[in-house]
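Chemist: My questions will all concern the structure given below.
The values are calculated or read from the model by the stated rules, or taken from the named source; none is laboratory data. Please read all numbers here as calculations on a predicted model, not as lab measurements. Cβ coordinates were reconstructed from backbone atoms using ideal geometry, including for glycine residues, and neighbour counts include every protein chain displayed.
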Amino acid sequence: MHSLPVDLRVRGVSGTLQLHGRRLASLLVALQLVGLPGLAVAGEKDKPAAKASTDVLLQAMQGELNRAKTDLAKSDPAPYYLSYTVYDQDQIFIAGAYGALLTDTAAVRRSTDVTMRVGTPELDNTHGQSRGSGMTSGSLPLQDDPDATARVLWELTDREYKRAAPAYLNVKTNTAVQAEEEDKSPDFSKEEPKVHVEEKLTAPPFDRKAWEEEIRRVSGAFRKYGEVYYSTVILQVGSSNARMVSSEGAAIETPSASARLVMEAQTRADDGMDLLRVETFQAPAAGGLPKEAELIAKAEKMAADLKALRNAPVAEPYDGPALLSGRAAAVFFHEVLGHRLEGHRQRDEEEGQTFTKKVGQEVLPKFLSVVDDPTLGELNGVKLAGNYSFDNEGTQAQRVTVIEDGVLKNFLMSRMPIKGFDKSNGHGRNQPGLMPTGRQGNLIVSSKQTVPEGQLRQMLIDEAKKQGKPYGLYFDDIQGGFTLTTRSLPQAFQVLPVIVYKVYADGRPDELVRGVDIVGTPLAALTRIITTGDAQHVFNGVCGAESGSVPVSAVAPAMLFSEMEVQKRAHGHDRPPILQAPGADGAAGSDGKAGSAGVKP
Amino acid sequence: VNGFRHKVSFALGLLLLAGTATVLPSSAADGDRSASDAAIEKAREVAKGDVLLEALLTELERSTDHLKMDQVKPPYYIEYRVDDVENLDLEAAYGALLSDQRQRLRVLRVVVRIGDYKQDSFYGQGMGGATIVPLDDDPIALRRQIWLMTDEAYKMAADAYAEKLSSLKQFTADPNPIDDFAKAPVVMKVEPVVAMKLDESEWKQTLQEATNLYRKYPEIQSVSASARFGRVNQYFVNSEGSIVRNGRSNATVTLNGSTQAADGMRLQRNPYWTEERAEDLPKRADLLKETKQMLDTLKALRQAPIVEESYRGPVLFAPDAADDVMAGLIGGNILGRKPQLGRPNRTTGAFATSYKTRILPKFVSVVDDPTIKEFAGKKLIGSYDVDSEGVQSQPVTVVGEGMLENYLVGRQPIRDFPNSNGHGRASPGTAAFPTAGTLIFKSSEAAPAAELTKKLTEMAGAENKAYGYRVDTLGAANAPRLLYRVYASDGHQELVRGAVFNELDVRALRNDLVALGNDPLVSNRAGGVPQTIIAPSLLFDELEVKRADTSKDKLPEYPAPDLKR
């Protein structure tokens, strides 16, 4: 199996929704997660056609698809496109807190998405607001029972037709009645169907008992910290196999596997501000996750960070120079730029369409280029979470240059065309059960104007001096963010920094501050990048949007901004717990003050 | 049919984990905010060896003694309830297994009350909170979660208390106010925990074989079956000194069949069986027989005539239909639920103002008796010793000679019911709520079923009707699933479809119910809180049966796939 460099650090990034809950809520959410769609870390072997015929399930899918295609062709209105995707998911979920297991489950599921398009590619049932009518999902027999599988597929297909057909008639009426849409692109692009069957992965060995013990021990590392009043360590190990057949002739099988370990720890400052640290590790298999000693060291570091944060002063509203670490810059680009380059947002009339009419124009400083490249498996020895070989619509993944030398070139396209872009570029992604949209895979920002990373801190100080500011801000770590892209709400974004330092112009030591939120409008923020570091950093995570949670990666160098606006974070006012935590060593709060010796970029 | 068939030992049942049950004599709570030292001593002894109970008691004691914020009263009452839940869900369709999921969870619910028994913080977010706690018996890890939830519950109670006092200001003070919380005797009862141990593969095989019968029924569109096995061990402690541990289990198997008549009408059946122990569920051969019967009746329903537009006359409910009627119309309306703040009602629901009035014919009595463990050889899942608020269960006469005598109440008093009668029950993680346990319907003039059928045809004949109606089972919203015409001329029966009852309500029960059978059927109901309804046949002299106003869906767009095997 693949082995990972030990310093791989991954974290949850969120898109339009922030995925972070507490206690029961967060765990119940986690329990329901069916895992990541079966597209990450694809195998290498590609043996088309011949292989397809030996898979009993693929045969059953194909047989039933052909029957439906023939029989439904006689219906009025008739579908012009039908596809079956079957997901096999084998998930183990172990969660621990303070040395004991909270949940320990294993689940095997086989589910299917039946996708149907009625009408014509120019106008079909999925048009506009009725996009949901394009898919019906359900459970399939766990074993390869051809009769039962065909029967369930038939039931779901019939049910889907009974949704899609009236939806199409509705769409036709609405289109006739309503004012003409600005973007008159068809609803579905024409693509060459692909046959691609990857060899199934042999399940890596997983010693559940040993991992249960390890989760107990790692989560137990938080036990001695009375002020870490909430923490969990969650291990999610899954293997998945996605099979897809379509009436156009596509037959694709992509197995995948992933292991994720998420550590969350939370404290509350005396003023009621909740402070959270999250660390996520990701690998193709549990064996690739960091060793126990490293995890425990990470837990200790998180606890130390929280202790320092608890005692740190609250940041004041600020508008001035700022330095973002590579990982922070990566999240920033994912939220501020990446989500706005998703193809479907350019034609949805509810959307703000920040970049829709900016193709060929400069939207970033000239020295920056951005690609989204799902075909990339790793970068500088770090596995990329947004890697896949085929997207959920059966389109081969492609490297897409979205911004070249600051100029907007392209969007992240699913099979939903937009004005000027009539083809998919392999970015149609979804979690099982949801209609695909254009999504990010591996968003990679590269720079031609770089300085050695070590010099950026001095440049920040110089910039602060130049602007007559007492300090600049250094964003070392960001927990995630969200962005609003619709018209009805302000075109804003917010990223949630957790480790932020004031870097003083007069040479005082750096000072950790808490409660900082970066705010602003996307177009303005992006033009204020002065220079970047010379090393690229990877942020792996899970991104949530309309089409569900998908694994993504964002890559960027550290960046110096001439101006960044921050605001005070709104927070609750409940006090920290009244009584001391059971079993914590020593009195809470007795150990040390704010960590003032900041980490240097 | 599947070729492989191996003999598996049917080693399913309840495994007693802990041996001893200790029952200590109850002593009255004095209402002080903490139990006396002696009581704590006693409590510790009772809980000894149970890490979870000990962790609960440790945090309970710590919180009772020290939990206090500036300018906020300390709690006068704290309660912890942990439900240790384990479930196994199996589902099959068309001879194949669709789902196989096991879940285990420990859910803690904490209630912290500020104020006193007369007026407290039990309002809105002050009604407590829930979290999950470790599955491992690790005292520190358990106490971390208990500690944090208690802290949160106390703060929520403080907010709720202030909010409640200010809300009350908009109402005129009640001259005879009802207490917010009833005092209750201390109960110490640590019973053995129950464990789930069953042969999964046997049940998987059974569900697959049952649903594989679809092969012989091309007229039936959908055939599936599911089984749920569950057990809950409940741990309860409160600051009055009660300590309770008990366990229960249940097992349910459900068959589902659905199809359409040639005219598109949807037809459905889903018979189910619930027992305390899986071994008491129908055996494989019986279940196959039941599946065949379900599929046969669906087939018959496809061919059955649709009911006339409207029929008004005598209707006989078989026990399997009567239980649903009684559970909904009586069971749901006899609960002592405190009305909204400021409202003068005694309780809510259809019988809110019916205290000491006649709600059923004079010959009917209704008792809720959770203390009965078995009825006619069948174990009752609605049976329990101590409710979810730590109160000893007791039989309650709800209706005597047709008169509403008592509501079922928990520790939240309502007018004229200042004390719990042991019916505060909760599903895992949720607040306790008045709920029936084992609800038994009886008549002082019970008649054999055959006599009721005879009476039905006689009554129909007397009204110059060719037939009366008999309903065997009901579906959702009390729509009949199996409804027969019983002809007055010769007693022959005819299955019909597409009917609903009109005005099958509490008024009909009071005025139109003319007889009860002597054929009580035990109906165990798993749901969130397990319940048992024991009801006999019901004969109404007049009910309206009318044609359902449902649209007829299109038939499948294309035929089902051919069978390959």
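Chemist: If you go through the stretch A:135-145 one residue at a time, do you hit one that is in a strand (DSSP E or B), within 11 Å of chain B (Cβ to nearest Cβ) and among the hydroxyl-bearing types (Ser, Thr, Tyr)?
Modeler: For the stretch A:135-145, residues in a strand (DSSP E or B), within 11 Å of chain B (Cβ to nearest Cβ) and among the hydroxyl-bearing types (Ser, Thr, Tyr): present.
Chemist: Sticking with this structure for a sec: Which of the residues spanning the stretch B:161-211 are of a type in the set (S, T, N, Q) and under 31 Å from the mean Cα position of the chain (by Cα)?
Modeler: Across the stretch B:161-211, the qualifying residues are B:SER201, B:GLN205, B:THR206, B:GLN208, B:THR211.
Chemist: Pick out, from the stretch B:481-552, the strands (runs of 3 or more DSSP E) lying fully within it that include 3 or more residues that are in contact with a strand residue (DSSP E or B) (Cβ under 8 Å, 6 or more places away or on another chain) and surrounded by fewer than 19 Cβ atoms within 10 Å (Cβ to Cβ).
Modeler: B:493-496, B:538-547
Chemist: Also: Can you work out which of the residues in the stretch A:74-92 that are among the charged types (D, E, K, R) and touching a strand residue (DSSP E or B) at 6+ places or on another chain (Cβ under 8 Å) is nearest to A:PRO284 (Cα to Cα)?
Modeler: A:ASP90
Chemist: Looking at B:VAL471, B:VAL506, B:VAL514, B:VAL496, which one is within 30 Å of B:THR430 (Cα to Cα) and modelled with pLDDT of 95 or more?
Modeler: B:VAL506
Chemist: Here's another thing I want to ask about it. I'd like to check which strands (runs of 3 or more DSSP E) are fully inside the stretch A:510-601 and have at least 3 residues that are modelled with pLDDT of 90 or more.
Modeler: The strands (runs of 3 or more DSSP E) meeting that bar are A:511-513, A:529-545, A:548-568.
Chemist: Next up: Out of (1) touching a residue at least 24 places away in the same chain (Cβ under 8 Å); (2) among the hydrophobic types (A, V, I, L, M, F, W, C); (3) not in a loop (DSSP other than H, G, I, E, B), what's the single condition that is false for B:ALA262?
Modeler: Evaluating B:ALA262 over (1) touching a residue at least 24 places away in the same chain (Cβ under 8 Å); (2) among the hydrophobic types (A, V, I, L, M, F, W, C); (3) not in a loop (DSSP other than H, G, I, E, B) leaves (3) as the failure.
Chemist: Could you count how many residues in the stretch A:151-172 are more than 9 Å from every other protein chain (Cβ to nearest Cβ) and hydrophobic (A, V, I, L, M, F, W, C)?
Modeler: Here the count works out to 5.
Chemist: Right, something else. Would you point out which residue out of B:VAL133, B:VAL111, B:VAL82 is away from chain A (no Cβ under 14 Å), surrounded by 23 or more Cβ atoms within 10 Å (Cβ to Cβ) and modelled with pLDDT of 95 or more?
Modeler: Going through B:VAL133, B:VAL111, B:VAL82 in turn, the sole match is B:VAL111.
Chemist: Could you check, for the stretch B:118-130, whether at least one of its residues is under 23 Å from A:THR105 (Cα atoms), touching a residue at least 12 places away in the same chain (Cβ under 8 Å) and at the interface with chain A (Cβ under 9 Å from one of its Cβ atoms)?
Modeler: Within the stretch B:118-130, one or more residues are under 23 Å from A:THR105 (Cα atoms), touching a residue at least 12 places away in the same chain (Cβ under 8 Å) and at the interface with chain A (Cβ under 9 Å from one of its Cβ atoms).
Chemist: Tell me yes or no: at least one residue of the stretch B:286-296 is in contact (Cβ under 8 Å) with a residue 60 or more places away in the chain and assigned to a strand (DSSP E or B).
Modeler: no
Yes or no, residue by residue, for (1) at pLDDT 95 or above; (2) out of contact with any Pro (no Cβ under 6 Å at 6 or more places or on another chain); (3) within 21 Å of B:GLY528 (Cα to Cα):
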| residue | (1), (2), (3) |
| --- | --- |
| B:VAL315 | yes, yes, no |
| B:PRO319 | yes, no, no |
| B:GLY349 | no, yes, yes |
| B:ILE359 | yes, yes, no |
| B:VAL364 | yes, yes, no |
| B:SER388 | yes, yes, yes |
| B:PRO395 | yes, yes, no |
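Chemist: From B:LYS189, B:LYS155, B:LYS183, which residue is within 11 Å of chain A (Cβ to nearest Cβ) and either of a type in the set (A, V, I, L, M, F, W, C) or over 17 Å from B:ALA431 (Cβ atoms) (or both)?
Modeler: Answer to the check: B:LYS155.
Chemist: If I filter the stretch B:47-67 down to residues being small (Gly, Ala, Ser) and within 12 Å of chain A (Cβ to nearest Cβ), which single residue comes out as farthest from B:GLN234 (Cα to Cα)?
Modeler: That would be B:SER63.
Chemist: Go through the residues of the stretch B:544-563 one by one and say whether even a single one is basic (Lys, Arg) and within 14 Å of chain A (Cβ to nearest Cβ).
Modeler: Looking through the stretch B:544-563, at least one residue is basic (Lys, Arg) and within 14 Å of chain A (Cβ to nearest Cβ).
Chemist: Can you tell me which residue is nearest to B:ARG266 (Cα to Cα) among those in the stretch B:552-565 that are touching a residue at least 40 places away in the same chain (Cβ under 8 Å) and not charged (D, E, K, R)?
Modeler: B:LEU555
Chemist: Regarding the stretch A:52-70, can at least one residue be identified that is within 27 Å of A:GLY377 (Cβ to Cβ), out of contact with any Cys (no Cβ under 9 Å at 6 or more places or on another chain), at pLDDT below 95 and among the small types (Gly, Ala, Ser)?
Modeler: Yes; the residues of the stretch A:52-70 include at least one that is within 27 Å of A:GLY377 (Cβ to Cβ), out of contact with any Cys (no Cβ under 9 Å at 6 or more places or on another chain), at pLDDT below 95 and among the small types (Gly, Ala, Ser).
Chemist: Which of the residues spanning the stretch B:291-321 are surrounded by fewer than 17 Cβ atoms within 10 Å (Cβ to Cβ) and within 28 Å of the chain's Cα centre (by Cα)?
Modeler: The one that is surrounded by fewer than 17 Cβ atoms within 10 Å (Cβ to Cβ) and within 28 Å of the chain's Cα centre (by Cα): B:GLN293.
Chemist: OK, next. Under the condition of being small (Gly, Ala, Ser) and in contact with a helix residue (DSSP H, G or I) (Cβ under 8 Å, 6 or more places away or on another chain), which residue from the stretch A:461-491 is modelled with the highest pLDDT?
Modeler: Looking at residues that are small (Gly, Ala, Ser) and in contact with a helix residue (DSSP H, G or I) (Cβ under 8 Å, 6 or more places away or on another chain), I get A:GLY472.
Chemist: Same structure, new question: Within the stretch A:229-254, how many residues turn out to be outside any strand (DSSP E or B) and at pLDDT 95 or above?
Modeler: Looking only at that region, the number is 4.
Chemist: From A:PHE188, A:PHE222, which residue is part of a loop (DSSP other than H, G, I, E, B), in contact with a Phe, Trp or Tyr (Cβ under 7 Å, 6 or more places away or on another chain), away from chain B (no Cβ under 12 Å) and not basic (Lys, Arg)?
Modeler: From the options A:PHE188, A:PHE222, the qualifying one is A:PHE188.
Chemist: Checking A:ILE94 against (1) of a type in the set (Val, Ile, Thr); (2) away from every other protein chain (no Cβ under 11 Å); (3) assigned to a strand (DSSP E or B), only one condition comes out false. Which one?
Modeler: Tallying (1) of a type in the set (Val, Ile, Thr); (2) away from every other protein chain (no Cβ under 11 Å); (3) assigned to a strand (DSSP E or B), A:ILE94 fails exactly one: (2).
Chemist: Shifting gears a bit: What number of residues within the stretch A:531-555 are of a type in the set (Val, Ile, Thr) and under 18 Å from A:SER258 (Cα atoms)?
Modeler: Count: 4.
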